[in-house]
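Presented below is the structure to which this report refers.
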């Protein structure tokens with residue numbers, strides 16, 4: 001009799017727990033659907049980044065340089081990293097002359113863990129704790145099939161496009177967590193959402209970067225560190241030297257984006273604390289096709305819109321290969 005009473009009590013507790021969890025699920029779903037709907041109608045206000053210390057990797061040229069410039073115009077102290085010191089020094093001088101903010105430049109190969117940690121300590125001593133980290137540095141090798149690609153280039157792609165994120169987060173995230181204040185930005189690519197023919201190592205690296213950034217965002221949520229924000233950027237093609245010569249099958253639907261416009265949208269996403277930014281917005285439609293259609297049918301549609309277009313492959317063969325890896329691709 002005593003055991004039956006205990007069993008009944010345990011079942012009651014379990015049922016009450018289930019009801020509570022189910023109630024939390026319904027309330028949370030309604031709230032966040034409502035929040036998402038409101039955000040479609042009303043953009044959240046931009047936050048103030050004046051006085052923040054923003055570190056941008058791959059900042060010597062291209063989209064990294066423009067992101068740094070946009071943040072500098074808003075009053076952020078700039079810390080620029082790149083493996084190409086000559087180009088980086090030139091960029092730092094340009095930004096110092098054009099902006100009324102502090103600009104610091106450091107040569108750093110982000111794929112090398114010990115070098116990242118060494119330069120990070122130097123930044124902490126000379127500038128302070130980084131509060132906005134933009135992982136932008138990346139390389140791509142497009143003229144080989146996977147079986148033909150030299151191992152050193154595959155290794156370089158994975159170290160620059162993935163492993164570097166681990167080392168920079170390890171270096172700067174602890175201070176953000178301790179203050180419950182900061183922003184982590186992962187600049188990935190549409191290749192982190194859709195596979196592309198002939199770019200297996202590049203797509204693998206970008207898929208990994210997106211998964212890593214999402215996992216860190218979840219970890220911060222569980223730790224209740226809501227003050228540390230995350231933004232994952234997945235643009236289509238941008239007219240940088242990295243993708244020079246590339247063409248798009250449907251320019252009105254999936255245009256090759258202007259660098260300046262892309263940088264402005266990325267910084268706007270940081271200011272509005274968006275977790276995801278897909279550029280252009282038509283990528284959301286293609287993601288829906290990929291996720292909700294049968295796999296082979298999804299591939300047909302994605303191919304139709306040009307994600308796996310031959311134009312990209314032919315451009316890769318002539319326009320944006322990196323062999324050996326060049327610092328100018330950063």
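Table for the structure above
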quantity: Entirely in the range 270-330, the helices (runs of 4 or more DSSP H) that have 2 or more residues that are in contact with a helix residue (DSSP H, G or I) (Cβ under 7 Å, 6 or more places away or on another chain), modelled with pLDDT under 80 and in the same structural domain as residue 211 (by TED's automatic domain parsing); calculated: 282-292, 295-305
quantity: Hey, residue 164 farther than 23 Å from residue 263 by Cα, part of a helix (DSSP H, G or I), assigned by TED's automatic domain parsing to the domain that holds residue 267 and under 22 Å from the mean Cα position of the chain (by Cα) or not; calculated: no
quantity: Residue within the range 142-156 that is touching a strand residue (DSSP E or B) at 6+ places or on another chain (Cβ under 9 Å), surrounded by fewer than 20 Cβ atoms within 10 Å (Cβ to Cβ) and either in the same structural domain as residue 257 (by TED's automatic domain parsing) or at pLDDT 90 or above (or both) present; calculated: no
quantity: Hits in the range 69-92 (condition: in contact (Cβ under 8 Å) with a residue 60 or more places away in the chain and surrounded by 24 or more Cβ atoms within 10 Å (Cβ to Cβ)); calculated: 71, 82, 83
quantity: Residue among 53, 132 that is more than 22 Å from residue 188 (Cβ to Cβ) and under 19 Å from the mean Cα position of the chain (by Cα); calculated: 53
quantity: Residues of the range 193-235 satisfying the condition of being in contact with a helix residue (DSSP H, G or I) (Cβ under 9 Å, 6 or more places away or on another chain) and part of a loop (DSSP other than H, G, I, E, B); calculated: 193, 194, 195, 196, 197, 198, 199, 223, 225, 226, 227
quantity: Residue check for residue 195: out of contact with any strand residue (DSSP E or B) (no Cβ under 8 Å at 6 or more places or on another chain), closer than 29 Å to residue 289 by Cβ and modelled with pLDDT under 95; calculated: yes
quantity: Hey, residue 181 over 12 Å from the mean Cα position of the chain (by Cα) and touching a residue at least 40 places away in the same chain (Cβ under 8 Å) or not; calculated: yes
quantity: The range 175-192, residues that are in contact with a strand residue (DSSP E or B) (Cβ under 9 Å, 6 or more places away or on another chain) and in a helix (DSSP H, G or I); calculated: 175, 176, 177, 179, 190, 191, 192
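The values are calculated or read from the model by the stated rules, or taken from the named source; none is laboratory data. Computed from a predicted model, the values in this text were never measured in an experiment. Note that we place each Cβ from the backbone using ideal geometry, even for glycine, and neighbour counts take in every protein chain shown.
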